[in-house]
Structures are given as structure tokens and as C-alpha cells.
Amino acid sequence: MTEHVLVINAGSSSLKYSLVDAATGEAAATGLVERIGEDRSHHVHNGHEDDQRVPDHEAALEAAVQVFDKYGPSLSEIEIVAVGHRVVHGGDRFAAPALVDDDLIAAVKDLIPLAPLHNPANLEGIEVARRLFPDLPHVAVFDTAFHQTLPPYAYTYAVPSSWLDDYGIRRYGFHGTSHAFVSEQAARVLGRDPGDVNMIVLHLGNGCSAAAVRGGQSVDTSMGFTPLEGLVMGTRSGDVDPAIHGHLARVAGRTAEETDRSLNSESGLKGLTGANDFREVLRLRANGDERAKLAFDLYCYRLKKYIGAYYAVLGTVDAVVFTAGVGQHSAEARAAAVAGLEGLGIHLDPIRNADPSGPVVSTDESPVKVLVIPTNEEWEIARQSVAVLAAR
Ligand code: AMP
């Protein structure tokens, strides 16, 4: 049965949408409105560009509805069963997607201190979409939810325990929608029930995170209280010694906000090379740039450390799974991340890895399979939305 879900991902100045068939993942339309509130906004819908001033998110969604009429498919001809909203932070309140109602909105508002940039924008998207589509059910799908199965010793920081009670300081993890989707697809590739498979999933996009998934449940993940912790990313540092904050305050007079900003926006590949785009780092490295070589080595070394750590966490591992821009497309990063791990049963096939014709890039004999699986967060949001409706 065809069940189309309008999937909405509202950012602070952008609104991404797609109309997805929850059964097949096929997107009847995808669109993006950027630079909302600026003099000239940019709107792409199924490849058609439509630039006009879009003052706010409400106008952005109205513009989206108009271009559905203009360029198709016509919304009057496609039955939409739900609107699925990406919400970044569900705190420890949401371990699963949930139907949007006033209580949910209040709960997401309460979580704004944990995600001050993302949750307000996500809420704006929900409120605007509820006004435009008042008769449709709306479902919130949380980026943190998949990681709510982490055991306390994996999510707790060894800090004064009152920090958890007073300020919610613990590890939450992010990219959960992608990890959920990719780990299920990987089990399918292996021909196994997700409940029987252990795997390490590496989501390597602009943001990067690793997850240890045991029997379909996340038991550890590299992002923590915020998406800053863990792997080296486009502009984020990943793991650093938190004492850097205090030291820079003392020797350089830097405020907490300044150091926070640097670690989030001026670090990672960008901080090391000037370029946050992995392809540019590869190009610089190929031209002999020493800083790009260091950045690549550090990026892959950090990946390898997490693979080793999560191998120990899981005990037995059936697959290491690469996804998102770098994971799907960089054979060099995959090769460097698992180089020398043959002792763990991870044997990459260099020919398959260089030019994958299917998801498996390890040798046939490799006890641990290495897989490349495209992520599809929109499809996962559509699937989860439909599942919430079915459970009503
Ligand atoms: P995403 O956030 O999933 O769109 O991933 C973005 C990252 O993937 C950027 O750092 C891109 O440079 C990187 N990327 C995309 N295509 C390639 C490619 N062919 N080779 C290496 N990196 C790529």
C-alpha cells in the first residue's frame, strides 16, 4: 500500500522537505528553502529553482505547497497520511517517535536548553506545518531516540551526579535516525534478523558519529551531551580534553562561548586544513599538503580507535558499516580506518572497496563484513511516522 509522508526538517534558516513513500522510500518530491529571512531566499524543488524572498518558516512551507502545484506532483492527487518531523533532541523523555500534541510540544520546548540551536527551529517547523495541515497527524522523530537504550555506564559522565539531576548532563547521542536505518538495512544485507546481529555503524558526513549496535539496539555512541564529542568532523573537534576550556580562559582570556564556538565551527578538518569538505582535504593531500595529510591520518586514526573500542564493547562483531558522504564515497577513508585490523577478523577487499558494485566491500572469507550502505533519514522518518500511526 502506498503511504506518503511529508517529511520536514526545519533548521534555523532553512526548511527541507520531501514527500516519501513509506513502503519503498521513493521520494515523489524533495525540496529545500534556504536563507529564510534574508533578502533573497533560495528554493529548489525537484531540481526547479524558485528564488523569492521568504520571510519566515510559515512562508517557506506555503512556498513549498505552491511549488507542488507549479511543478508537481499535485498534492491533491497524492494522499498524504502524515507529516513526519525531524526533531534533534528528545532528551531522556523520548525513546521512540511520538504523535505531536500540545504535551509533546511543551516537552520539546522544555528541552530547548539542551539543543538551543536546533529544537526551536524544529518546533517552528512543527507549529507551522500544523497550521497548514491541521487535518493530518504529525509525528516527531527524534535524533536522540535510538540511543536511549545505552546502559547507564555508557551514558553517564563521571562528574558530580547532581549535574545530571540539575542540568541533564549525560550522553544522549545523535544521528539516531540514520544509525537505526543503516543498521536495519545492514542486517538485511547479511540476510539476518536485526535482533541477532552486532555491528559498528560509522556515519561519516559533515557531522560524524559511530554507534555500537547490539541486536538492533544502540549500546554506545560517540556523540555525547552535544554532537561535539567523538570523531573528527567537518568543523567539530570531536574528543578533546575539557581542561582546554579553562586553560584558554586563563592564558588567552577566551570566554566559554568563544572556545565553544571554535570547537564547534572552527575545528575538525576545517581547523586543521582550512577546508571542512572532505573532498577538498583529499585533493590537498593528493597535492602533498602536509596539514591535509595530518588531518586525514587523524580522522582515520580516530575512526580506528572507535572501531576497536566498540569491538571490545560488543564482544563479537558481524559487520562494520560505513554510511553518509565520506563513508559511502571515500574508499581511502574506509581503507585507512580498517587497515591493520585483520587480527580482529576485518578483511577489506581492496578491489571491491575501490569501486563498490554492492554493499559488501570485505573479502568473502572475512569473518566481519565491511559494508557500505547509503543512509536515508527521510525514509526512516516516513517509516517511523507510519509505524506510530499503526500503533494508535
Ligand atoms: P553528508 O553530510 O552526508 O552530505 O556528507 C558530506 C561530506 O561527505 C563532505 O565532507 C563531503 O566532502 C564528503 N563527500 C561527499 N562525496 C565524497 C566523495 N566522493 N569522496 C569523499 N568525500 C565525499
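Please treat every number below as a calculation from the coordinates, not as lab data. On a predicted model such as this, the values are computed, not experimentally measured, just so you know. Don't worry about glycine lacking a Cβ; one is built from the backbone with ideal geometry, like all the others, and counts go over all protein chains shown.
Of note:
- Net charge contributed by nearby residues that have their C-beta within less than 14 Å of Asn9 (K/R +1, D/E -1): -4
- Taking θ as phi - 60° and the Karplus parameters 6.51, -1.76 and 1.60, the scalar couplings of the range 167-180 work out to 10, x, 7, 6, 8, 10, x, 9, 6, x, 5, 5, 4, 5 Hz in sequence order, x denoting glycine and proline.
- Set of lysines with alpha-carbon distance to Lys305 below 23 Å, sequence-local pairs under 8 removed: Lys270, Lys293, Lys369
- Every Cα-Cα pair of the range 186-242 was included, and the share exceeding 12 Å stands at 66 percent.
- Of Ser161, Ser209, Ser267, the one that fluctuates the most in a GNM where the chain has Cα springs shorter than 10 Å: Ser161
- Amide H to amide H distances under 5 Å link Arg53 with Ser41, where only residues 5 or more positions off or on other chains count and H is placed in the peptide plane.
- Candidates Leu263, Met1, Ile36 compared by Cα position along the dipole of the chain: farthest toward the positive end lies Leu263, with charges placed on Cβ.
- In the chain, the DSSP beta bridges split such that about 65 percent are antiparallel, to the nearest 5.
- Our note on the geometry: Cα centres of the range 1-36 and the range 173-235, 22 Å apart.
- Principal-axis analysis of the Cα atoms of the chain puts helix 243-252 at an angle of about 90° to the longest axis.
- Over the chain: Rg over Rh, Cα atoms, Kirkwood Rh: 0.97
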